[in-house]
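Let me begin by presenting the structure, written as structure tokens, before commenting on it.
What follows draws every value from the coordinates through simple rules; no lab data is involved. Everything numeric here is computed off the predicted structure, so don't read it as measured data. All Cβ positions, glycine included, derive from the backbone under ideal geometry; neighbour counts span all protein chains shown.
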Amino acid sequence: MARIILYTGKGGVGKTSITASTAALMAEMGGKRTLVISTDPAHSLSDVLAMDIGPEIKEVDTNLYAQEISVNDAINHHWQELKGYLTGLFQSQGGLDPVSAEEIATLRV
Ligand SMILES: Nc1ncnc2c1ncn2[C@@H]1O[C@H](COP(=O)(O)OP(=O)(O)OP(=O)(O)O)[C@@H](O)[C@H]1O
Ligand SMILES: [Mg+2]
């Protein structure tokens, strides 16, 4: 059975430290395959783990994996899929014609 543990709280209270420590403990003592994920745009998981962690899942140690979610990276990977969904939604719910719906669902950066 998979278990998800979330740590939240105000800035600087030790979320990242406790998260990384819990993950390391689970991987080592529990022998569970453990993925530690940072969703903070200002990641510090790399510093805590003393290893470059990026948006792709990286193996850190036996049973221990880490990932720093990047919103930009996720948008680049999934925008075509989301765009298709939004285009359909704008047509079915917004009553837009296909060309207008696709135009509105186009991401401009
Ligand atoms: N139990 C602890 N005792 C003393 N200092 C700690 C403890 N846990 C973390 N720290 C220190 O407190 C600082 C903040 O820790 P950490 O980065 O884990 O917090 P955070 O809640 O993730 O912060 P942020 O909100 O900026 O992401 C760091 O310098 C860390 O070394
Ligand atoms: Mg943190």
Helix 15-25 against the longest principal axis of the chain: what's the angle in degrees, Cα atoms only, rounded to the nearest 10?
60 degrees
All lysines inside 24 Å of Lys58 as judged from Cα atoms, apart from same-chain residues fewer than 8 positions distant:
Lys15, Lys32
Using only the alpha-carbon atoms, how far is helix 71-92 inclined from the longest principal axis of the chain? Give it as 0 to 90 degrees, nearest 10.
30 degrees
Would you please name the GluC sites (Glu not before Pro) within segment 4-82 that are DSSP coil residues with at most 15 other C-beta atoms within 10 Å of their C-beta?
Glu56
Starting from the Cα of Met29, step 7 Å along the direction of its Cβ; do the same at Leu6; then give the gap between the two resulting points in nm.
2.5 nm
Looking at the chain, what % of its DSSP beta bridges pair antiparallel, to the nearest 5?
40 percent
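Residue separation times 0.36 nm, minus the C-alpha to C-alpha distance between Asp52 and Glu81: what's the value? Display every interim value, and only then the final one.
Values: separation 29, 0.36 × 29 = 10.44 nm, distance 2.89 nm.
Length gained, Asp52 through Glu81: 7.5 nm.
Go through segment 5-109 and name the trypsin sites (Lys or Arg not before Pro) that are in a DSSP coil and have 12 or fewer other Cβ atoms within 10 Å of their Cβ.
Values: sites: Lys10, Lys15, Lys32, Arg33, Lys58, Lys83, Arg108; in loops: Lys10, Lys32, Arg33, Arg108.
Here the sparse-neighbourhood loop sites are Lys10, Arg33, Arg108.
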Looking at segment 15-70, what % of its DSSP beta bridges pair antiparallel, to the nearest 5?
40 percent
Full-stretch length increase - Gln91, Ile37 - with 0.36 nm per residue and alpha-carbon distance subtracted:
15.9 nm
Taking the chain and counting helices only, DSSP H stretches of n ≥ 4 at -39,500 (n - 2.57) each over all residues, the nearest-500 ellipticity at 222 nm comes to -12500 deg cm²/dmol
